[in-house]
Amino acid sequence: MKKVLMINGSPKRSKSSTGEYIHLIQKLLPSDWVYETIEIGRYKKGDLLPAFNEYSIMVFAFPLYVDAAPGILTAWMEAVEKKARVSNPDLNVWGLLQCGFYEGTQNGPALDIIGNFCRRMGFIWQGGAGIGTGAMIQAVKDAPLEAGIRKSVTSLLKNMVHEMVGVMADSMSLEKEAPAIGFTQYSFPWFLYRMGGQMGWNKEARKNGLKRRELYARPYLV
């Protein structure tokens, strides 16, 4: 039996896009695999120390925050590195990152951070997926997985699960010369995506009593 640990690094406790991606990965995993999800946002940084030796696979899933992981996840990783008593040299780790930028490649530096964490912990870094236009999953989650707008993201995630199955089928952990990392975004025109983002900012500004021109304020500009 293969056991998977999902690390949800999103600070959000509800309506989380990261949670939707985790749910999607769970649906794509083989039906006889067992998975457990841990939401880092519900714990203080040193309160959660998983028994890593109980798992075959760990998946880090989180939204991109300033080209890196959210602060709560970074603090947790630092605490784990200092306090974890049991590691697992056979634990295979993947990353599943999503961001609000259009290009999935924006997730690259944050995936490198997870890779560095794995090397310091003695885990096997297998790579992962970086998805741009990530929040669009909330709008398309009820559409078929192979629908045109979702197809590129679905294909990337299926490839990642295929990698997991392949590693587990070899009955041992294999460290590749170079981790398999892929990037993509939803098949949605850039100009429409940008337009939608601008409308969203204007809506939030009105909700908070701001005028449109105040969005361009730079109070700390010297």
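Looking only at segment 70-126, which residues are in a loop (DSSP other than H, G, I, E, B), charged (D, E, K, R) and at pLDDT below 95?
Taking segment 70-126 and keeping what is in a loop (DSSP other than H, G, I, E, B), we get 70, 84-91, 99-103, 122-123.
If we keep only those that are charged (D, E, K, R) as well, we get 85, 90, 103.
Correct list: R85, D90.
Take the residues in segment 94-109 that are surrounded by fewer than 24 Cβ atoms within 10 Å (Cβ to Cβ) and without any contact (Cβ under 8 Å) to a residue 60 or more places away in the chain, then tell me which one is nearest to N53 (Cα to Cα).
The qualifying residue nearest to N53 (Cα to Cα) is P109.
I'd like the full set of residues that are free of Cβ contacts under 8 Å to residues at least 24 places away in the same chain and either over 11 Å from the mean Cα position of the chain (by Cα) or surrounded by fewer than 16 Cβ atoms within 10 Å (Cβ to Cβ) (or both), limited to segment 17-35.
So in segment 17-35, the residues free of Cβ contacts under 8 Å to residues at least 24 places away in the same chain come out as 19, 23, 26-27, 31.
If the condition is that a residue be free of Cβ contacts under 8 Å to residues at least 24 places away in the same chain and either over 11 Å from the mean Cα position of the chain (by Cα) or surrounded by fewer than 16 Cβ atoms within 10 Å (Cβ to Cβ) (or both), then H23, Q26, K27, S31 are the ones that fit.
Does I72 count as crowded, with 17+ Cβ neighbours inside 10 Å, touching a Phe, Trp or Tyr at 6+ places or on another chain (Cβ under 6 Å) and among the β-branched types (V, I, T)? Steps first, answer last, please.
On the way: crowded, with 17+ Cβ neighbours inside 10 Å: yes; touching a Phe, Trp or Tyr at 6+ places or on another chain (Cβ under 6 Å): no; among the β-branched types (V, I, T): yes.
No, not satisfied.
For I38, indicate whether it is touching a residue at least 24 places away in the same chain (Cβ under 8 Å), under 22 Å from I113 (Cβ atoms) and assigned to a helix (DSSP H, G or I).
On the way: touching a residue at least 24 places away in the same chain (Cβ under 8 Å): yes; under 22 Å from I113 (Cβ atoms): yes; assigned to a helix (DSSP H, G or I): no.
No; evaluated as a whole, the condition is false for this residue.
If you scan segment 182-222, which residues turn out to be under 30 Å from G95 (Cα atoms), of a type in the set (G, A, S) and not in a loop (DSSP other than H, G, I, E, B)? Lay out the reasoning, then the answer.
Here is the first cut: in segment 182-222, the ones under 30 Å from G95 (Cα atoms) are 182-198, 200-201.
When the remaining residues are screened for being of a type in the set (G, A, S), the result is 182, 187, 196-197, 200.
Hits for segment 182-222 are G182, G196, G197, G200.
Which one is modelled with the highest pLDDT among residues in segment 163-185 that are among the β-branched types (V, I, T) and under 13 Å from L96 (Cα atoms)? Walk me through it before giving the result.
If we filter segment 163-185 for residues that are among the β-branched types (V, I, T), which is where we start, we get 165, 167, 181, 184.
Now restrict to residues that are under 13 Å from L96 (Cα atoms): 181, 184.
Values: I181: 92, T184: 96.
Step by step, filter segment 163-185, then rank; the result is T184.
For segment 142-157, which positions are closer than 14 Å to G182 by Cβ and touching a helix residue (DSSP H, G or I) at 6+ places or on another chain (Cβ under 7 Å)?
Within segment 142-157, just L157 meets the criteria.
Here is a yes/no grid of residues against (1) more than 21 Å from the chain's Cα centre (by Cα); (2) over 25 Å from L111 (Cα atoms); (3) surrounded by 14 or more Cβ atoms within 10 Å (Cβ to Cβ):
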| residue | (1), (2), (3) |
| --- | --- |
| M121 | no, no, yes |
| M136 | no, no, yes |
| T154 | no, no, yes |
| H162 | no, no, no |
| I181 | no, no, yes |
| T184 | no, no, yes |
| P189 | yes, yes, no |
| W201 | yes, yes, no |
| R206 | yes, yes, no |
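Restricting segment 2-16 to residues that are of a type in the set (K, R) and either touching a Pro at 6+ places or on another chain (Cβ under 9 Å) or surrounded by 14 or more Cβ atoms within 10 Å (Cβ to Cβ) (or both), which is farthest from Y186 (Cα to Cα)? Outline the logic, then answer.
First pass over segment 2-16, keeping only residues of a type in the set (K, R): 2-3, 12-13, 15.
Of the ones still in play, those that are also either touching a Pro at 6+ places or on another chain (Cβ under 9 Å) or surrounded by 14 or more Cβ atoms within 10 Å (Cβ to Cβ) (or both) are 2, 12.
Working: K2: 30, K12: 22 Å.
Restricting to residues being of a type in the set (K, R) and either touching a Pro at 6+ places or on another chain (Cβ under 9 Å) or surrounded by 14 or more Cβ atoms within 10 Å (Cβ to Cβ) (or both), the top hit is K2.
Can you find, within segment 37-57, the residue that is surrounded by the fewest Cβ atoms within 10 Å (Cβ to Cβ) among those that are of a type in the set (D, E) and touching a helix residue (DSSP H, G or I) at 6+ places or on another chain (Cβ under 9 Å)? First the steps, then the outcome.
Of all residues in segment 37-57, those of a type in the set (D, E) come to 39, 47, 54.
Subset that is touching a helix residue (DSSP H, G or I) at 6+ places or on another chain (Cβ under 9 Å): 39, 47.
Working: E39: 19, D47: 9.
Out of the qualifying residues, it is D47.
The values are calculated or read from the model by the stated rules, or taken from the named source; none is laboratory data. All figures in this text were calculated on a predicted structure; none of them were measured in a lab. Heads up, the Cβs are rebuilt from the backbone with ideal geometry, glycines too, and the neighbour counts pull from every protein chain shown.
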